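Engineer: Mind having a look at this structure? Questions to follow.
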Amino acid sequence: MDRLRTLGRRWIGRLCFVCLSSGIFTFELVRGLSTINLRLDLFAIIIIVGTIQAVISAVTFSSVLSLSGLVFIVQLLNPFSGRLTTPLRDSLSWRDAPSSTDASVTVSNDDPVGAIVPVYTDAAILDTSVTSLIASTVPVNVYIVCEPDDAPSITRARTLASRYSSVYCLINEKYTGTKAGAINFAVEETDESTIAVFDADESVHPKFLETALDGLESYDIVQGRTVPRAPGLIEAFAYYESVLLSYVTSRVLNLVTGFKLAASRAVVLHRSAFESVDGYDPEMVTEDYEFAYRCYRNGLSVNEQLRYPSTIEAAHTIDDWWGQRKRWMSGYAQVLHLLVREWLPPRSIRELLCVGICLSSVFGNLLLLSLTAKFVVLVVMGDPVLSMLPLVTIVAITGLVRGIDYANGTVDRIGWEWLLTPLVFPLYGLAATKAITEYAIEGTADWYHVEKGV
């Protein structure tokens with residue numbers, strides 16, 4: 001009976017996804033192509049109902065994206081971007097939540113950083129993070145955290161621990177089953193005052209931890225940039241998606257609210273900051289997304305470090321890309337549900353901002369299909385300038401970022417795939433719609449493990 005009930009909810013979710021996604025697109029398309037004829041005294045004017053909205057959407061979208069892209073490009077080109085700069089939120093009235101960390105904490109480059117690498121079925125790629133971390137320009141102890149039922153990863157971790165004196169293998173027998181639990185376990189088992197978290201497939205720049213320690217002199221948390229390695233078409237698509245959705249589109253929001261993600265990879269923080277918010281929540285599918293909101297709510301300061309980015313492995317197949325994105329968006333919906341359930345009514349402006357930021361993120365992704373329909377209206381109505389404006393904006397920004405990353409040695413080629421970046425928005429909109437409808441009906445978020453290898 002439970003199996004039939006689960007199967008029924010799954011098919012209802014799929015049906016709702018088809019109806020919702022097609023309904024949003026069709027509604028905007030039909031409305032945009034509807035016409036009303038009005039005749040004035042001297043001029044016959046055809047007012048395109050919906051086309052006006054499409055024009056406004058195209059101009060607004062292109063303007064905001066251009067501004068955000070310009071800010072991000074300037075930050076990439078600035079050699080001191082993200083280092084010891086005072087965030088705009090420090091001068092805003094809603095900075096009403098004091099930092100939970102001890103202001104007297106000092107950071108020394110002579111004390112080792114406790115680098116935590118949680119793994120699960122990652123034996124084939126584990127060397128990537130470990131060897132890059134031990135090449136850091138500051139002392140580091142690498143703690144590989146394995147699950148008890150993952151024998152290959154345990155074997156590989158122990159091999160690396162025997163090869164390098166600063167590498168240790170921890171078996172997570174206390175909080176099993178999640179990345180969040182593995183990280184929390186490792187923090188409990190170690191004693192370094194500065195901790196960092198990296199993925200198993202993450203290749204960390206040798207100077208990243210050194211600059212992160214500089215940032216920790218003034219901030220509670222330093223968040224680095226991660227760049228998907230892009231040898232093929234699907235991987236390149238994931239790279240450009242990361243540029244647009246993870247970095248470019250969040251620039252203006254970050255400047256206005258001071259909200260910055262504190263993730264569960266390429267992140268360095270004071271132990272006291274981690275403990276002040278009780279670590280990551282094992283119940284959350286996107287544990288880093290919920291963690292970021294808890295840090296923001298409790299007034300922890302996050303320094304975004306764009307210099308010396310880590311490279312990570314991207315999804316290699318369409319199925320993996322779709323499954324991973326759907327999982328992320330399910331997790332975002334889960335976090336929004338948590339914020340609304342636990343933090344309303346808000347007790348501070350910062351808590352209210354948490355709900356607003358998460359709400360705009362979740363439903364903003366959902367409305368990407370609506371934007372796509374509006375742009376189709378412009379194409380059908382034969383306005384080449386306005387219809388091309390969003391496409392040119394997207395391609396120009398991603399092309400410039402790719403060129404900067406190539407010049408910095410972050411990527412090994414320019415490629416041609418940046419011409420396909422306009423597809424990021426409608427495809428991500430479909431994944432968001434699927435994830436949100438499934439979460440609303442089934443009430444649980446999907447887990448998905450991407451196949452990785454050397």
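Engineer: Thr137 - would you say it is among the polar types (S, T, N, Q), closer than 30 Å to Arg251 by Cβ and either buried (at least 16 other Cβ atoms within 10 Å of the Cβ) or modelled with pLDDT under 60 (or both)? Quick ask: steps written out before the conclusion?
Structural biologist: Values: among the polar types (S, T, N, Q): yes; closer than 30 Å to Arg251 by Cβ: yes; either buried (at least 16 other Cβ atoms within 10 Å of the Cβ) or modelled with pLDDT under 60 (or both): no.
Spelling it out, it is not the case that Thr137 is among the polar types (S, T, N, Q), closer than 30 Å to Arg251 by Cβ and either buried (at least 16 other Cβ atoms within 10 Å of the Cβ) or modelled with pLDDT under 60 (or both).
Engineer: Please go through segment 232-252 and give me each residue that is touching a His at 6+ places or on another chain (Cβ under 8 Å) and in a helix (DSSP H, G or I), ordered by number.
Structural biologist: Pass one, segment 232-252, residues touching a His at 6+ places or on another chain (Cβ under 8 Å): 232, 234-235.
Across segment 232-252, the qualifying residues are Ile234, Glu235.
Engineer: Among the residues that make up segment 299-314, is at least one of them out of contact with any Pro (no Cβ under 6 Å at 6 or more places or on another chain) and in a helix (DSSP H, G or I)?
Structural biologist: Within segment 299-314 (the criterion being out of contact with any Pro (no Cβ under 6 Å at 6 or more places or on another chain) and in a helix (DSSP H, G or I)), the answer is no, since none of the residues qualifies.
Engineer: Quick one: what pairs do we get from segment 280-296, first residue in contact (Cβ under 8 Å) with a residue 12 or more places away in the chain and farther than 16 Å from Leu359 by Cα, second of a type in the set (Asp, Glu) and not in a helix (DSSP H, G or I), C-beta under 7 Å, 6+ apart or different chains?
Structural biologist: Glu287/Asp281
Engineer: Quick one: which residue in Pro231, Pro309, Pro282 is modelled with pLDDT under 90 and either of a type outside the set (D, E, K, R) or within 14 Å of Val197 (Cβ to Cβ) (or both)?
Structural biologist: On the way: Pro309 fails: modelled with pLDDT under 90; Pro282 fails: modelled with pLDDT under 90.
That would be Pro231, the only listed residue that is modelled with pLDDT under 90 and either of a type outside the set (D, E, K, R) or within 14 Å of Val197 (Cβ to Cβ) (or both).
Engineer: Could you look through segment 410-430, keep only residues that are under 22 Å from the mean Cα position of the chain (by Cα) and in a loop (DSSP other than H, G, I, E, B), and pick out the one that is farthest from Asp320 (Cα to Cα)?
Structural biologist: Thr410
Engineer: What are the pairs, 6+ residues apart or on separate chains, where a residue within segment 105-124 that is buried (at least 18 other Cβ atoms within 10 Å of the Cβ) has its Cβ under 9 Å from a residue that is at pLDDT below 75?
Structural biologist: Between residues of segment 105-124 that are buried (at least 18 other Cβ atoms within 10 Å of the Cβ) and residues that are at pLDDT below 75, the close pairs are Tyr120/His449; Asp122/Lys452.
Engineer: State whether the residues of segment 418-436 include one that is touching a strand residue (DSSP E or B) at 6+ places or on another chain (Cβ under 7 Å) and either closer than 22 Å to Pro231 by Cβ or surrounded by fewer than 20 Cβ atoms within 10 Å (Cβ to Cβ) (or both).
Structural biologist: Going through segment 418-436, the residues touching a strand residue (DSSP E or B) at 6+ places or on another chain (Cβ under 7 Å) turn out to be none.
Checked segment 418-436: no residue is touching a strand residue (DSSP E or B) at 6+ places or on another chain (Cβ under 7 Å) and either closer than 22 Å to Pro231 by Cβ or surrounded by fewer than 20 Cβ atoms within 10 Å (Cβ to Cβ) (or both).
Engineer: Here are the criteria: (1) at pLDDT 85 or above; (2) assigned to a helix (DSSP H, G or I); (3) in contact with a strand residue (DSSP E or B) (Cβ under 9 Å, 6 or more places away or on another chain). Tell me which single one Met329 does not satisfy.
Structural biologist: Met329 satisfies all of (1) at pLDDT 85 or above; (2) assigned to a helix (DSSP H, G or I); (3) in contact with a strand residue (DSSP E or B) (Cβ under 9 Å, 6 or more places away or on another chain) except (3).
Engineer: Of everything in segment 317-326, what is over 18 Å from the mean Cα position of the chain (by Cα) and in a helix (DSSP H, G or I)? Give them in sequence order.
Structural biologist: Initially, segment 317-326 is screened for residues over 18 Å from the mean Cα position of the chain (by Cα), giving 317-319.
The answer is Ile318, Asp319.
Engineer: State whether the residues of segment 233-250 include one that is in contact with a Gly (Cβ under 7 Å, 6 or more places away or on another chain), of a type outside the set (Ser, Thr, Tyr) and closer than 16 Å to Arg325 by Cβ. Can you show your working first?
Structural biologist: Restricting attention to segment 233-250, the residues satisfying the condition of being in contact with a Gly (Cβ under 7 Å, 6 or more places away or on another chain) are 236, 248.
Next, only the ones that are of a type outside the set (Ser, Thr, Tyr) stay: 236, 248.
Now restrict to residues that are closer than 16 Å to Arg325 by Cβ: 236.
Yes, some residue in segment 233-250 is in contact with a Gly (Cβ under 7 Å, 6 or more places away or on another chain), of a type outside the set (Ser, Thr, Tyr) and closer than 16 Å to Arg325 by Cβ.
Engineer: Of all residues in segment 59-77, which are hydrophobic (A, V, I, L, M, F, W, C) and either crowded, with 18+ Cβ neighbours inside 10 Å or touching a Phe, Trp or Tyr at 6+ places or on another chain (Cβ under 9 Å) (or both)? Break it down stepwise before answering.
Structural biologist: The first filter runs over segment 59-77 and keeps only residues hydrophobic (A, V, I, L, M, F, W, C), leaving 59, 61, 64-65, 67, 70-74, 76-77.
Within segment 59-77, Phe61, Leu65, Phe72, Leu76 qualify.
For every residue, the table says whether it meets (1) closer than 29 Å to Lys207 by Cβ; (2) within 16 Å of the chain's Cα centre (by Cα).
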{"site": "Thr257", "(1), (2)": "no, no"}
{"site": "Val268", "(1), (2)": "yes, no"}
{"site": "Ala273", "(1), (2)": "yes, no"}
{"site": "Tyr289", "(1), (2)": "yes, yes"}
{"site": "Tyr293", "(1), (2)": "no, yes"}
{"site": "Ala315", "(1), (2)": "yes, yes"}
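Engineer: Cβ-Cβ distance below 6 Å, separation of 6 or more or different chains: which pairs start in segment 298-322 with a residue that is among the small types (Gly, Ala, Ser) and end on one that is assigned to a helix (DSSP H, G or I) and surrounded by fewer than 20 Cβ atoms within 10 Å (Cβ to Cβ)?
Structural biologist: Ala314/Glu235; Ala315/Gln324
Engineer: Any residue at all in segment 377-390 that is modelled with pLDDT of 75 or more, out of contact with any Gly (no Cβ under 8 Å at 6 or more places or on another chain) and crowded, with 18+ Cβ neighbours inside 10 Å?
Structural biologist: Initial filter on segment 377-390 (modelled with pLDDT of 75 or more): 388-390.
If we keep only those that are out of contact with any Gly (no Cβ under 8 Å at 6 or more places or on another chain) as well, we get 388-390.
Next, only the ones that are crowded, with 18+ Cβ neighbours inside 10 Å stay: 389-390.
Checking segment 377-390: at least one residue is modelled with pLDDT of 75 or more, out of contact with any Gly (no Cβ under 8 Å at 6 or more places or on another chain) and crowded, with 18+ Cβ neighbours inside 10 Å.
Engineer: Quick check, is Val302 crowded, with 21+ Cβ neighbours inside 10 Å and under 18 Å from Cys354 (Cα atoms)? Break it down into steps so the answer makes sense when it comes.
Structural biologist: On the way: crowded, with 21+ Cβ neighbours inside 10 Å: yes; under 18 Å from Cys354 (Cα atoms): yes.
Spelling it out, Val302 is indeed crowded, with 21+ Cβ neighbours inside 10 Å and under 18 Å from Cys354 (Cα atoms).
Engineer: May I ask you to verify whether Ala273 is under 27 Å from Ile125 (Cα atoms), among the hydrophobic types (A, V, I, L, M, F, W, C), buried (at least 21 other Cβ atoms within 10 Å of the Cβ) and in contact (Cβ under 8 Å) with a residue 24 or more places away in the chain?
Structural biologist: Details: under 27 Å from Ile125 (Cα atoms): no; among the hydrophobic types (A, V, I, L, M, F, W, C): yes; buried (at least 21 other Cβ atoms within 10 Å of the Cβ): yes; in contact (Cβ under 8 Å) with a residue 24 or more places away in the chain: yes.
Taking the combined requirement at face value, the residue does not satisfy it.
Engineer: Also: Is one or more of the residues making up segment 166-180 in a helix (DSSP H, G or I) and either in contact with a helix residue (DSSP H, G or I) (Cβ under 8 Å, 6 or more places away or on another chain) or modelled with pLDDT of 95 or more (or both)? Don't jump to the end; show me each part of the working.
Structural biologist: Keep residues of segment 166-180 that are in a helix (DSSP H, G or I), which gives 179-180.
Filter once more, so that each one left must be either in contact with a helix residue (DSSP H, G or I) (Cβ under 8 Å, 6 or more places away or on another chain) or modelled with pLDDT of 95 or more (or both): 179-180.
Yes, the conditions are met somewhere in segment 166-180.
Engineer: For segment 353-369, indicate whether the set of residues that are in contact with an Asp or Glu (Cβ under 9 Å, 6 or more places away or on another chain) and either more than 29 Å from Asp199 (Cβ to Cβ) or modelled with pLDDT under 90 (or both) is non-empty.
Structural biologist: Applying the first criterion (in contact with an Asp or Glu (Cβ under 9 Å, 6 or more places away or on another chain)) to segment 353-369 yields 369.
Keeping just the survivors that are either more than 29 Å from Asp199 (Cβ to Cβ) or modelled with pLDDT under 90 (or both) gives 369.
The answer is yes, given that some residue of segment 353-369 is in contact with an Asp or Glu (Cβ under 9 Å, 6 or more places away or on another chain) and either more than 29 Å from Asp199 (Cβ to Cβ) or modelled with pLDDT under 90 (or both).
The values are calculated or read from the model by the stated rules, or taken from the named source; none is laboratory data. Just so you know, these numbers come straight off a predicted model, no measurement behind them. Ideal geometry is used to build each Cβ from the backbone, glycine not excepted, and the neighbour counts take in all protein chains shown.
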